[in-house]
Amino acid sequence: MRLVIFGPQGAGKGTQAARISEKFGISAISTGEIFRWAIKGKTALGNEVLEYVSAGKLVPDELTIRVVSERIAADDCAEGFLLDGFPRNTAQAEALDDLLSDVECGLDAALVIEVPEEVALRRLTGRRVCPDCGRNYHVDAPPENNWTCDACGGHVVARDDDVDEAALKQRLATYHEQTEPLHEYYEAKGLLRQVDGTGTPDEVFTRIVEALG
Ligand code: AP5
Ligand code: MG
């Protein structure tokens with residue numbers, strides 16, 4: 001199964017991607033996470049993307065598309081994958097179609113998780129993440145033990161681009177301008193599956209499984 005998932009910041013893409021990956025046995029690939037790892041590891045890629053990610057701006061298409069094309073060529077993606085946060089504009093969606101035209105199957109579905117902006121903002125300002133393994137938490141659903149990650153023991157903190165108010169506003173504005181047009185793009189191809197992202201993570205996941213049929 002080959003899926004993409006999009007939706008505004010804080011919609012729960014990363015939260016649901018982990019569940020989808022487990023249920024359907026496909027790798028979940030988050031471009032945002034690839035970039036954050038590269039920044040943390042101070043790699044050449046990290047140095048290139050730092051200014052964009054810190055400001056909440058899109059990393060240039062050429063670089064992002066190269067990263068995704070290399071990642072989905074890996075062995076663990078042979079039977080399918082879930083892309084979280086890619087594509088984020090029409091140029092990236094077209095590039096993904098081109099990449100998949102070389103393999104026999106194209107995309108099976110494009111999931112969009114929809115939440116009102118006030119819900120998204122509440123989730124983002126309360127979000128905490130483990131910088132070591134990427135697991136998501138929230139101030140209302142913290143790890144069991146004093147901000148120590150349940151999965152790996154890392155020290156759970158807020159994400160830099162959530163704390164920076166200007167970056168947060170920029171991310172939401174970019175979503176409306178550049179990513180929302182993907183609704184029409186995927187609807188025209190009959191691939192769009194809209195999911196209500198309000199309610200608990202389990203409720204949202206049930207809707208996703210139904211939407212995927
Ligand atoms: P990225 O990492 O993709 O961030 P984002 O798009 O801003 O999305 P978020 O990760 O903030 O939201 P989410 O929907 O995953 O929410 P989550 O599940 O964590 O991108 C970061 C940056 O990288 C970009 O700004 C850009 O610079 C760059 N980038 C990435 N991809 C790119 C691309 N394709 N092209 C160019 N640049 C790119 O949930 C949020 C919180 O809510 C968590 O605390 C969670 O625990 C909680 N929560 C989730 N669901 C629920 C629920 N149902 N009920 C209650 N709480 C919930
Ligand atoms: Mg995410």
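The values are calculated or read from the model by the stated rules, or taken from the named source; none is laboratory data. Note that this is a predicted model, so its numbers are computed, not measured. Note that each Cβ is placed from the backbone with ideal geometry, even for glycine, and that neighbours are counted across all protein chains shown. Side chains included, ligands, DNA and RNA excluded: accessible areas come from the protein's heavy atoms. Shrake-Rupley method; radii C 1.70, N 1.55, O 1.52, S 1.80 Å.
If you take all C-alpha pairs in the range 94-138, what percent of them are over 13 Å apart?
Considering the range 94-138, 71 percent of its Cα-Cα pairs are separated by more than 13 Å.
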Inset, instruction - Calculate the dipole size of the range 11-53 relative to its Cα centre from +1 charges on Lys and Arg beta carbons and -1 charges on Asp and Glu beta carbons; express the result in debye to the nearest 20. - result: 160
Inset, instruction - Using a 1.4 Å probe and counting only protein heavy atoms, arrange 114, 203, 70 so the residue with the most accessible area comes first. - result: 70, 203, 114
Inset, instruction - Might you report the magnitude of the Cβ-based charge dipole of the range 101-141 about its Cα centre, with Lys and Arg at +1 and Asp and Glu at -1, to the nearest 20 debye? - result: 420
Legend entry - the range 9-23-the range 127-151 distance, computed between alpha-carbon centres (Å): 15
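Using a Förster distance of 25 angstrom, determine the FRET efficiency expected from the C-beta separation of residue 33 and residue 164, and round it to 0.05.
On the way: r = 18 Å, r/R0 = 0.72.
Calculated transfer efficiency: 0.85.
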Inset, instruction - Pull the list of the chain cysteines that no other Cys approaches to under 4.7 Å, Cβ to Cβ. - result: 77, 105
Legend entry - Computed lengthening from residue 174 to residue 43, 0.36 nm per intervening residue step minus Cα-Cα distance: 44.6 nm
Legend entry - Charged-residue dipole, Cβ positions (Lys, Arg, Asp, Glu), the range 121-188 about Cα centre, Debye nearest 20: 220
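Go through 23/189; 40/169; 42/189; 42/169 and tell me which ones have a Cα-Cα distance over 29 Å in this structure.
On the way: 23/189 25 Å; 40/169 23 Å; 42/189 39 Å; 42/169 26 Å.
Beyond 29 Å: 42/189.
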Legend entry - Of 74, 52, 124, farthest towards positive along the dipole that unit charges on Lys, Arg, Asp, Glu beta carbons give the range 1-130: 124
Inset, instruction - Quick one: accessible surface of residue 148, probe radius 1.4 Å, all protein chains present, in square angstrom to the nearest 10. - result: 60
Legend entry - Heavy-atom surface of the range 63-213, accessible at 1.4 Å and reported per residue (Å²): 53
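How would you classify the range 1-148 from its alpha-carbon gyration tensor, with a ≥ b ≥ c the square roots of the eigenvalues: rounded for a/c under 1.5, else prolate if a/b is greater than b/c, otherwise oblate? Don't skip to the answer; put the middle values down first.
Details: a/c = 1.58, a/b = 1.34, b/c = 1.18.
In terms of gyration-tensor shape, prolate.
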Legend entry - Cα→Cβ-extended label distance, 7 Å offset, between residue 74 and residue 54, nm: 2.7
Inset, instruction - Calculate the length of the line joining the C-alpha centroid of the range 161-213 to that of the range 44-99, in whole Å. - result: 17
Legend entry - Length released on extending from residue 200 to residue 62, taking residue separation times 0.36 nm less the Cα-Cα span: 46.0 nm
